[in-house]
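Visitor: Structure incoming, see below.
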Amino acid sequence: MYGNAYIDPNEKFEGQEETPELLAAFQARIDQGDKIEPQDWMPAMYRKQLIRMIEQHAHSEIIGSLPEGTWITRAPGFRRKLALMAKVQDEVGHAQLLYSAAETLGKSREDMMNDLITGKSKYSNIFNYPALTWADSAVIAWLVDAGAIVNQLANSKGSYGPYCRALERICYEESFHLKYGHDNVVHLATGTKKQRAMVQAAMTRWWPPLMHFFGPSDKASVHSKTLMGWKVKMATNDSMRQQFMDMYIPKIWDLGLTLPDPLLKKNEETGQWDYTEPDWAEFKRVINGDGPCNAERLAVRRMAEENGKWVARAIRNEDAEYVRPFA
Ligand code: FAQ
């Protein structure tokens, strides 16, 4: 199954009046393109869905910094190291923006972090795979960031003000990451035989998780219909996948790289890309905690929480007794 305990479509929310008139007035605001702001009335399910989605997105950004982060110490050359450090730092900054947007809906950062490290909350499938070589970090920076932009550019035109504003800013930075990643991939693809083999192997490894990245097919998507009705989600999973393929497969092929799908081709009649159906059983396993790196990713996050506790204590001045003698 895809969903978790977060969203029960039949859930009854206590303490908020939701008359047909209020719901209709809210929908009318959405339909006419209003931005909904934190202080505005909103259906409890709209709030809950937004928290789920923004929180998962925020978690994806901090967990997403880990596969590339492992290459900072091994980047080939000082300039590449500086660029990668800046990129990883940006991703963590995106998480900050997104956690702040989710907080406006009433869930505390502590609760979100707790739900991440206890495995209750999901994050993007793609960050549960290892970046085995430098070329993997290049492919992530080019194509995962490209996929993220396809999604975020669409959703930045959505209905919830704080999320849309965060996405707009994130997209500017992701566009820079994409250029950095593309430059790295071009460098390897036009390099020595060994470099070309390394980037080809990375491309072959990352293609299946990239196809999963946009979510289950439209037929299987649980939340799309509701989210699109509320303009939280502005494109379906399949249409984002198609848009990504349309923009990037020709560029990948131009570099002389191949993709591990013999059916991949643009269908001239439909204008859509034909492809082999991704392995959805693997997708389900990975998003539910059983991917190659899920345990490692959460262990790193738990360690970071533990090691960072003194900072939180210092901010709250809880160690005042200890600090005061030095004041
Ligand atoms: N991974 O009904 P749908 C980035 C879950 S940021 C894991 O179709 P929905 C930046 C879904 O949550 C990447 N789980 O769901 C970067 C639901 O489970 P639930 C993250 C997935 O919400 C780059 C269930 O399957 N971006 O990469 C995935 O309508 C480089 C049913 O699915 C965002 O989060 C998945 N791929 O559509 C950082 C964007 N797909 O919650 C570092 C915001 C589906 O009921 C380095 N999110 N699921 O238990 C969205 O646009 C949507 O939530 C989708 C899924 C499109 C991801």
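Visitor: To the nearest whole percent, what portion of all C-alpha pairs in the chain is separated by more than 30 angstrom?
Guide: Within the chain, distances greater than 30 Å cover 39 percent of Cα pairs.
Visitor: Please compute the volume of the convex hull spanned by the alpha-carbon atoms of segment 133-247 and report it per residue in Å³. Walk me through the intermediate numbers first.
Guide: On the way: hull volume 10.9 nm³, N = 115.
Residue-normalised Cα hull volume stands at 95 Å³.
Visitor: Compute the length gained on full extension between Asp31 and Asp261: take 0.36 nm times their separation in residues and subtract their Cα-Cα distance, giving the result in nm to one decimal.
Guide: Values: separation 230, 0.36 × 230 = 82.80 nm, distance 3.99 nm.
Value of the extension gain: 78.8 nm.
Visitor: Hey, rough spin-label estimate for Glu318 and Ala24, points 7 angstrom out along Cα→Cβ, what's it come to in nanometres?
Guide: The modelled label-to-label distance comes out at 5.1 nm.
Visitor: Now for a separate question. For Val92 and Val222 in the same chain, what is the full-extension length gain: residue separation times 0.36 nm, less their Cα-Cα distance, in nm? Display every interim value, and only then the final one.
Guide: Values: separation 130, 0.36 × 130 = 46.80 nm, distance 2.84 nm.
Taking Val92 through Val222 to full extension adds about 44.0 nm, to one decimal.
Visitor: Rounded to the nearest whole Å³, what is the per residue volume of the convex hull around the Cα atoms of segment 210-262?
Guide: Details: hull volume 4.4 nm³, N = 53.
For segment 210-262, the hull spanned by Cα atoms encloses 83 Å³ per residue.
Visitor: Length gain on complete extension for the stretch Glu296 to Ala44, per 0.36 nm per residue less the alpha carbon to alpha carbon distance? Let's see the in-between values first.
Guide: On the way: separation 252, 0.36 × 252 = 90.72 nm, distance 3.47 nm.
Residue separation times 0.36 nm, minus the Cα-Cα distance, leaves 87.2 nm.
Visitor: Compute, for the chain, the length of the dipole vector about the Cα centre, with Cβ point charges of +1 (Lys, Arg) and -1 (Asp, Glu) only. Units Debye, rounded to 20.
Guide: Values: 40 positive and 43 negative charges, 215 e Å.
In debye, rounded to 20, the chain gives about 1040.
Visitor: Work through the residues other than Ala201 whose Cβ is under 12 Å from its Cβ and net out their charges, Lys, Arg +1 and Asp, Glu -1.
Guide: Details: positive: Lys194, Arg196, Arg205; negative: Asp136.
Computed value for this residue: +2.
Visitor: Oh, and also: Would you mind checking the pairs Lys179/Lys251; Lys81/Lys179; Lys120/Lys233; Lys219/Lys251; Lys122/Lys219 and listing those with alpha carbons more than 19 angstrom apart? Walk me through the numbers before you get to the answer.
Guide: Values: Lys179/Lys251 13 Å; Lys81/Lys179 15 Å; Lys120/Lys233 22 Å; Lys219/Lys251 29 Å; Lys122/Lys219 21 Å.
The pairs that break the limit, which is 19 Å between Cα atoms, are Lys120/Lys233; Lys219/Lys251; Lys122/Lys219.
Visitor: If exposed means no more than 11 neighbouring beta carbons inside 10 Å and the site is in a DSSP loop, what's the longest run of the chain without any exposed GluC sites (Glu not before Pro)? Can you show the working numbers first?
Guide: Working: sites that count: Glu11, Glu14, Glu17, Glu268, Glu269.
Segment 18-267 is the longest.
Visitor: Now, a different point. How high is the relative contact order of segment 9-280, given as a whole-number percent (alpha carbon pairs under 8 Å, six or more residues apart)?
Guide: Values: 310 pairs, mean separation 49.2, N = 272.
Over segment 9-280, the number comes to 18 percent.
Visitor: Running a GNM on the chain with Cα contacts under 10 Å, which residue among Ala135, Ala146, Ala312 ends up with the highest mean-square fluctuation?
Guide: Looking only at Ala135, Ala146, Ala312, the largest GNM fluctuation is found for Ala312.
Visitor: Once you put a point 7 Å from the Cα of Asn114 and another 7 Å from the Cα of Val311, both along the Cβ direction, what distance in nm separates them?
Guide: The two pseudo-label positions are separated by 2.1 nm.
Visitor: Once the Cβ-Cβ distance between Lys157 and Trp280 is put in as r, and R0 is 30 Å, what FRET efficiency do you end up with, to the nearest 0.05? Please report the intermediate quantities before stating the final value.
Guide: Working: r = 29 Å, r/R0 = 0.96.
After rounding, the FRET efficiency stands at 0.55.
Visitor: Report the trypsin sites (Lys or Arg not before Pro) located in segment 38-83 that are in a DSSP loop and have at most 14 other Cβ atoms inside 10 Å of their Cβ, or state none.
Guide: Working: sites: Arg47, Lys48, Arg52, Arg74, Arg79, Arg80, Lys81; in loops: Arg74.
Taking segment 38-83 and a limit of 14 other Cβ atoms within 10 Å, the loop trypsin sites (Lys or Arg not before Pro) found are Arg74.
Visitor: Turning to a different aspect of this structure: For the chain, with the dipole built from +1 on Lys and Arg beta-carbon atoms and -1 on Asp and Glu ones, taken about the Cα centre, which of Met234, Cys293, Tyr123 lies farthest toward the positive end?
Guide: Of the listed residues, the answer is Cys293.
Visitor: Given points 7 Å out from each Cα along the Cα-Cβ axis, report the Gln16 to Ser239 separation in nanometres with one decimal.
Guide: 2.6 nm
Visitor: Net charge around Arg80, counting only other residues with Cβ within less than 12 Å of its Cβ (Lys, Arg = +1; Asp, Glu = -1)?
Guide: Residues close to Arg80 contribute a combined charge of +2.
Visitor: Let me ask you something else. If you average the C-alpha positions of segment 212-283 and of segment 83-153 separately, how far apart do those two centres end up, in angstrom?
Guide: If you average the Cα positions of each part, the centres end up 20 Å apart.
Taken together, the values in this text are just the output of simple stated rules run on the coordinates, not laboratory data. The structure displayed is predicted, hence computed values, not measured ones. Every residue, glycine as well, gets a Cβ built from its backbone with ideal geometry; the counts of neighbours run over all protein chains shown.
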